[in-house]
1. Does residue 87 satisfy being within 16 Å of ligand 2 (Cβ to nearest atom), touching a helix residue (DSSP H, G or I) at 6+ places or on another chain (Cβ under 6 Å), under 25 Å from residue 136 (Cβ atoms) and at pLDDT 95 or above?
2. Give the range 55-69 a look and list any residue that's more than 14 Å from ligand 2 (Cβ to nearest atom) and surrounded by 13 or more Cβ atoms within 10 Å (Cβ to Cβ), or say none.
3. May I ask you to verify whether residue 36 is under 24 Å from residue 164 (Cβ atoms), part of a helix (DSSP H, G or I) and free of Cβ contacts under 8 Å to residues at least 12 places away in the same chain?
4. When you go through 101, 129, 133 one by one, which is the residue that is under 23 Å from residue 160 (Cα atoms), within 14 Å of ligand 1 (Cβ to nearest atom) and over 12 Å from the mean Cα position of the chain (by Cα)?
5. When you look at residue 26, is it part of a loop (DSSP other than H, G, I, E, B), surrounded by 14 or more Cβ atoms within 10 Å (Cβ to Cβ) and within 16 Å of ligand 2 (Cβ to nearest atom), yes or no?
6. Return the residues of the range 1-18 that are over 16 Å from the mean Cα position of the chain (by Cα), assigned to a helix (DSSP H, G or I) and free of Cβ contacts under 8 Å to residues at least 60 places away in the same chain; say none if nothing qualifies.
7. Can you find a residue in the range 80-87 that is near ligand 1 (Cβ under 8 Å from one of its atoms) and at negative phi?
8. Between residues in the range 130-156 that are over 19 Å from residue 36 (Cβ atoms) and residues that are part of a loop (DSSP other than H, G, I, E, B) and away from ligand 2 (no atom under 16 Å from the Cβ), which pairs lie under 8 Å by C-beta distance while being six or more apart or on different chains?
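The values are calculated or read from the model by the stated rules, or taken from the named source; none is laboratory data. Note that the coordinates shown come from a computational prediction; the quantities given were computed from them, not determined experimentally. Positions of Cβ are backbone-derived with ideal geometry, glycine not excepted, and every protein chain shown enters the neighbour counts.
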Ligand code: NDP
Ligand code: ZN
């Protein structure tokens with residue numbers, strides 16, 4: 001059983017590394033994109049205390065549909081319905097204009113399943129820490145602030161999911177004078 005769980009997680013990490021191989025983060029040093037999805041999974045295991053394998057797998061795969069053109073069916077065939085559904089739940093509808101997608105995240109957050117909320121919280125925590133660490137190329141201070149304000153509205157709709165993640169997020173927002 002343990003060997004299978006281990007294999008299932010590494011299969012996801014490997015799949016994500018292959019799918020994101022040509023992508024980079026928006027920071028000056030162009031960090032490999034896959035660092036982000038591994039970091040989100042790491043937050044869930046090491047900070048949130050999560051041991052639900054499907055949630056960890058979904059964290060590793062969470063940007064594959066949105067950012068690499070991977071289909072729901074490919075994930076379903078490779079990793080099963082449960083994981084594929086979770087990834088779908090945290091995927092933005094790319095047919096919508098960007099501002100509309102950002103509004104949809106705020107509106108959809110409270111309606112998400114408990115497991116999708118965990119991935120959403122860890123994703124926001126990783127991205128906000130990344131923004132605090134280094135400003136993306138071409139971003140003004142106002143754009144960073146605007147991103148924190150929008151993220152706080154998404155996170156406000158995810159309350160009551162995981163204390164450790166919410167406490168860390170609350171502190172990051174408080175640093176910028178934002179209360180959720
Ligand atoms: P983007 O959606 O363009 O960028 C943020 C996303 O990029 C994150 O959610 C994350 O998504 C990914 N990402 C990649 N590298 C990094 C990194 N190093 N640090 C953090 N995130 C990273 O941002 P917005 O368009 O939302 O911009 C922020 C705000 O600024 C908006 O509210 C917007 O209104 C305003 N603004 C926007 C402008 C524009 O041109 N769009 C111009 C001026 C202001 P993932 O988890 O998927 O990796
Ligand atoms: Zn992400």
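1. It is true that residue 87 is within 16 Å of ligand 2 (Cβ to nearest atom), touching a helix residue (DSSP H, G or I) at 6+ places or on another chain (Cβ under 6 Å), under 25 Å from residue 136 (Cβ atoms) and at pLDDT 95 or above.
2. 55, 56, 57
3. The answer is no for residue 36.
4. Only one candidate qualifies: 129.
5. yes
6. 2, 3, 4, 5, 6, 7, 9, 10, 14, 18
7. No, the range 80-87 contains no residue that is near ligand 1 (Cβ under 8 Å from one of its atoms) and at negative phi.
8. Here the result reads 141/135; 145/176; 149/178; 152/178; 152/180; 156/180, each pair linking the range 130-156 to a residue that is part of a loop (DSSP other than H, G, I, E, B) and away from ligand 2 (no atom under 16 Å from the Cβ).
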